[in-house]
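A.B. asks: I'd like to ask you about the structure that follows.
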Ligand SMILES: C[S@@+](CC[C@H](N)C(=O)[O-])C[C@H]1O[C@@H](n2cnc3c(N)ncnc32)[C@H](O)[C@@H]1O
């Protein structure tokens, strides 16, 4: 059974979603919203979007439905080594300078934040690059904080198990070095080896929260293809927070179709989609 969403109902969800996630749904996204939320209405046996809105905002005291609703709204497209130029830049510029700097300070600690990590391909790609570039990796204290709003994608990310068609972008030598091939019912799947999975801490974090609970600063931050869903003001506020949480000289990476142009920021432009503090 198809349930229609009228303009008034759409506006209610538009405002709710904006307030809760920063995701800015234009009226052109009305059908998309409808199709994505329909499953939630069915699951709750509700007959209209108005009833669903009431359920999410007033009746569900646990707040769980809000989380499920946001899970349905977010677009989670990602892949291993997406936007390969960033990984080349990490290998050729960022890591050599960072390692040299750490060596001078006699420090063996690296902190990275992957914000909007989706199903994990991005932080795992970073971890493979670290493994490729850093000698005696086990002597280092490395943590990649990988965060997302969606609990659904985080669950997949934590498992780190990917079917054959998802590992296409991975060079063969890395596939052999960093993945275990599944057996039995996971025959056509690959799982990241523990030493890489243990480097990553997955957490739910809403990027539109006023403050983030971090003590130290990150050596570099990836936030790619996330801000594209936010309006300019939300983007500016977020970019200022990234700046604050980045170590001096730290690099900030954004998605291929994003730019900080028009954003009031202290970041130095390095090249398209790459900035430095
Ligand atoms: C298109 S994916 C990008 C994945 C990866 N960074 C990449 O470029 O391949 C966007 C991710 O941003 C997340 N996201 C959207 N709004 C968010 C928010 N307010 N806080 C945290 N994550 C958010 C979504 O759940 C989704 O997983």
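A.B. asks: Can you pull out every residue in the range 72-95 that is touching a helix residue (DSSP H, G or I) at 6+ places or on another chain (Cβ under 8 Å) and within 27 Å of residue 170 (Cβ to Cβ)?
C.D. replies: Matches in the range 72-95: 74, 75, 76, 78, 79, 80, 81, 82, 87, 90, 91, 95.
A.B. asks: Follow-up. Could you tell me how many of the residues in the range 49-71 are free of Cβ contacts under 8 Å to residues at least 12 places away in the same chain, touching a helix residue (DSSP H, G or I) at 6+ places or on another chain (Cβ under 9 Å) and assigned to a helix (DSSP H, G or I)?
C.D. replies: 3
A.B. asks: What do you reckon, is residue 203 under 25 Å from residue 95 (Cβ atoms) and within 16 Å of the ligand (Cβ to nearest atom)?
C.D. replies: Criteria met by residue 203.
A.B. asks: How many residues are within 16 Å of the ligand (Cβ to nearest atom) and over 30 Å from residue 155 (Cβ atoms) when one looks only at the range 89-117?
C.D. replies: The qualifying residues number 1.
A.B. asks: Listed residues 157, 146; which is assigned to a helix (DSSP H, G or I), touching a residue at least 24 places away in the same chain (Cβ under 8 Å), within 12 Å of the ligand (Cβ to nearest atom) and within 21 Å of residue 86 (Cα to Cα)?
C.D. replies: Only one candidate qualifies: 157.
A.B. asks: Picking from 195, 242, 179, which residue would you name as being over 21 Å from residue 24 (Cβ atoms), in contact with a strand residue (DSSP E or B) (Cβ under 8 Å, 6 or more places away or on another chain), surrounded by 12 or more Cβ atoms within 10 Å (Cβ to Cβ) and in the same structural domain as residue 144 (by TED's automatic domain parsing)?
C.D. replies: So the residue among 195, 242, 179 that is over 21 Å from residue 24 (Cβ atoms), in contact with a strand residue (DSSP E or B) (Cβ under 8 Å, 6 or more places away or on another chain), surrounded by 12 or more Cβ atoms within 10 Å (Cβ to Cβ) and in the same structural domain as residue 144 (by TED's automatic domain parsing) is 179.
A.B. asks: Okay, moving on. Hey, among the residues in the range 221-250 that are within 14 Å of the ligand (Cβ to nearest atom) and outside any helix (DSSP H, G or I), which one's farthest from the chain's Cα centre (by Cα)?
C.D. replies: Checked the range 221-250; the qualifying residue farthest from the chain's Cα centre (by Cα) is 231.
The values are calculated or read from the model by the stated rules, or taken from the named source; none is laboratory data. It should be emphasised that the depicted structure is a prediction, and the values quoted were computed from it without experimental measurement. Cβ sites come from the backbone with ideal geometry, for glycine too, and all protein chains shown count toward neighbours.
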